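Only one structure is covered here, and it is reproduced in the block below.
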Amino acid sequence: MSYLTLTEAAAYASRVKGFTVESASLLRAGVHGLLLIAASFNGLMRNLTAHTNEEYVGLLVLAPSELLTIETEGQSRITGAFGLDGKAAYSPQVIRTLAQLRVIVSDLDKFLPSLESLDTPQATTAPAATMAEPGAAGGLADSVVGELKKPAQRFAVQEAAILDAIREPGYDPMELPKNAPGKPGVKAAIRANLVGKNPVFPKDGSQFEKAWERLRSNGEIADKS
């Protein structure tokens with residue numbers, strides 16, 4: 001499978017279309033779910049679909065919310081990505097930057113016919129979830145965006161982010177220390193680290209509380225006896 005950097009993809013698109021295409025325009029198309037944009041990964045990560053940890057080497061398609069964070073901040077710790085067939089979701093939990101993004105040539109070719117009708121996109125901080133609608137790219141892009149919109153996939157990404165945030169400072173999810181009287185506990189610290197900072201936990205939403213309760217109900221987190 002052939003792929004290009006954003007800069008190379010913009011140059012390729014410019015040659016095909018006969019007018020200048022900016023790399024920022026391609027990234028904005030990815031944020032809207034119109035173009036597949038991926039990054040390379042190599043290492044152990046969580047397969048959110050199979051609920052297993054596995055070694056993965058190769059490209060993963062980044063969720064539109066991850067691309068929005070990269071667009072606005074220059075980098076993102078990737079918590080949501082998909083296999084090239086759109087069937088499996090992963091949580092690599094590693095940082096990827098603008099320079100590490102890759103455009104799949106076959107998907108770019110499908111996208112280019114629609115490019116003439118697009119204005120030069122401008123950066124926005126609107127939630128990616130409201131923009132991730134399947135568009136002219138079709139095919140695999142529709143599949144990936146469809147997977148992202150499924151509650152089961154979204155919940156798995158949220159739950160994996162909480163578990164990773166618990167483990168990062170050295171806590172065992174199955175032996176969380178009880179709160180000292182009058183003091184915030186582990187849950188409050190994890191909430192502060194994720195809500196409003198991780199794209200899957202909007203600042204004014206209830207996603208964190210619901211994900212925490214799902215983990216308790218599923219027996220994946222528990223207090224120390």
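The values are calculated or read from the model by the stated rules, or taken from the named source; none is laboratory data. If you're wondering where the values come from, they're calculated on a predicted model, not measured in any experiment. With ideal geometry, Cβ positions are generated from the backbone for all residues, glycine too; neighbour counts draw on all protein chains shown.
Tabulated data for the structure shown
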{"quantity": "Total residues in the range 210-225, condition within 18 Å of Leu48 (Cα to Cα) and not in a helix (DSSP H, G or I)", "calculated": "4"}
{"quantity": "Some residue of the range 40-60 being within 14 Å of Asp107 (Cβ to Cβ) and of a type in the set (Phe, Trp, Tyr)", "calculated": "no"}
{"quantity": "Within the range 25-122, strands (runs of 3 or more DSSP E) holding 3 or more residues that are without any contact (Cβ under 8 Å) to a residue 60 or more places away in the chain, assigned by TED's automatic domain parsing to the domain that holds Ala13 and surrounded by fewer than 17 Cβ atoms within 10 Å (Cβ to Cβ)", "calculated": "37-47, 52-62"}
{"quantity": "Residue list for the range 3-35, restricted to those being in contact with a strand residue (DSSP E or B) (Cβ under 8 Å, 6 or more places away or on another chain) and at pLDDT below 90", "calculated": "Gly30, Leu35"}
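Here is a yes/no grid of residues against (1) outside any helix (DSSP H, G or I); (2) crowded, with 16+ Cβ neighbours inside 10 Å; (3) modelled with pLDDT under 85:
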| site | (1), (2), (3) |
| --- | --- |
| Ala129 | no, yes, yes |
| Ala132 | yes, yes, yes |
| Ala141 | no, yes, yes |
| Ile166 | no, yes, no |
| Phe208 | no, yes, no |
